[in-house]
Structure formats: structure tokens, C-alpha cells
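What follows draws every value from the coordinates through simple rules; no lab data is involved. What you see is a predicted model, and the numbers here were worked out from it, not measured in a lab.
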Amino acid sequence: MSELVIRIGEDEKVMVEETENGVKQVKFILMEDLMRCISRSVELKISSGLLPNGCISYSENASGGKYVAMLYQGEKADISYYQTEYPDFPLPRLVFGFHIAENGRICSVKLGIVENSALLKPSTQMYRYPFSNVSRFSLCTGNNAMPRCKSLHALASIPRFILLMPNNNDYFRPENNQKHMELRQLFEHLKDKTPEYYYSDILVPMEGVTLKDFIEWK
């Protein structure tokens with residue numbers, strides 16, 4: 001008769017006891033080795049389907065919920081502030097994060113700004129969002145109902161849908177832009193600028209915060 005007992009201590013030390021024909025052998029292994037053995041013995045396949053353009057990260061939890069992070073595919077968008085419209089308004093490099101339930105409902109949205117670099121890396125610098133409706137990364141959509149996504153590919157249209165939502169003063173802080181302008185003044189100042197101008201004259205870095213934090217932040 002053989003028996004295998006695995007004990008995991010609080011310090012994540014793994015002790016393996018194997019008894020065969022009354023003879024017990026004990027050895028210690030690394031947690032990584034244990035997980036590798038388990039993963040090899042379990043057949044698990046996750047298929048994301050077609051991902052949206054600009055997708056930079058995809059993850060899925062055991063309950064079927066998904067998280068997708070994507071880079072906004074554009075340098076401009078039509079935006080508005082109360083009754084004032086700003087067509088083709090220039091923007092810095094935006095990243096969006098979507099938590100999606102198993103039924104396709106978008107549960108929450110994140111919005112951030114990455115540095116103006118051609119290559120995105122986990123260490124890419126994040127900047128404070130200078131406008132309204134964003135607290136750290138969390139986007140408040142107010143009374144605007146988010147569409148349900150039957151496929152992840154459909155997320156490609158959601159960033160533009162969000163940017164079309166009217167801006168107000170919720171969560172706006174003048175210290176989130178270098179010039180400490182009020183929001184209407186900031187929109188008027190930026191409407192004829194280039195995306196590059198944000199990085200030289202407007203954006204405030206989030207000290208110690210990187211793209212890795214945006215992807216992993218809950």
C-alpha cells in the first residue's frame with residue numbers, strides 16, 4: 001500500500017511524505033515545483049477568442065470573469081464639457097481597462113495615461129489623468145449605461161463611446177495638470193495643441209506607478 005501526503009507550511013515550505021510498504025520517505029520541494037506538477041496533470045485550456053485592436057493584456061478568473069487592458073487607437077476624439085463641444089480634441093496615449101462578467105456585462109472601467117514611448121513595457125511610466133471623472137485609475141461613468149459585450153472584439157468601440165460621454169467637474173483636481181488650470185481653461189488651452197504637448201507642459205507623473213500597476217490594480 002502506498003500513500004502520498006503533502007503538507008504546506010505558513011512559510012510556503014512544501015513537505016512531501018511518501019509511504020510505500022511501511023517505509024516512509026520525507027523530502028522538501030519548492031512551491032514552484034509543486035505547482036508545475038499540478039499544472040502538468042490538469043488539462044486546462046483558455047481561449048480568449050478574437051481580441052480587440054490595441055489589446056495589451058488579457059486575464060481570466062475561475063468564475064469566468066475577464067480583464068482586458070488596451071491602448072486607445074487614436075490621437076484625437078470628439079469630447080464635450082457641459083454645452084461646449086471640442087471636435088477632434090488632441091489626446092495623450094490613453095489606456096483602458098475593462099472588467100467583464102461572464103455574461104458580457106462591463107462591471108468597471110479603468111482609464112490611465114502612459115508615457116509617449118513607442119514600446120510599452122511593464123515599467124512604462126503612468127501619468128495622472130488631467131481631466132474629470134477619473135479617481136486614480138477608476139472611471140466613473142455616472143448614469144451612462146455601458147453596453148454589453150458579446151465578444152471581446154467588440155471592446156474596440158468602447159473607448160470612443162466613453163470619450164463621447166459629457167465631461168463635468170467630478171473628480172477634477174487642478175493639481176493634476178502642471179499649470180494648475182481649471183477644467184474649462186484646460187480644455188480651451190489644449191484644443192489646438194498636439195499630443196506631444198501634454199508630456200512637456202501638462203501631465204504630472206504618478207510617482208512610482210507603472211503600466212504593470214495599471215494592469216494588476218483592482
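Things worth noting here:
- In the range 67-181, the convex hull through the Cα atoms has an average projected area of 7.8 nm², a quarter of its surface area.
- Over 32 Å between alpha carbons, listed pairs Lys76/Lys121; Lys150/Lys193; Lys13/Lys212; Lys121/Lys150; Lys121/Lys179: Lys150/Lys193
- CD proxy at 222 nm, helix term only [per DSSP H run n ≥ 4: -39500 (n - 2.57); per residue of the chain; nearest 500]: -4000 deg cm²/dmol
- Added length on full extension, which subtracts the Cα-Cα distance from 0.36 nm per residue, Val5 to Asn116: 34.7 nm
- Averaging the Cα positions of each part gives two centres, and for the range 120-147 and the range 154-205 these lie 11 Å apart.
- Shape category assigned to the range 115-218 from the gyration tensor of Cα positions, a/c cut at 1.5: oblate
- Ratio of the Cα radius of gyration of the chain to 2.2 N^0.38 Å, where N counts its residues: 1.38
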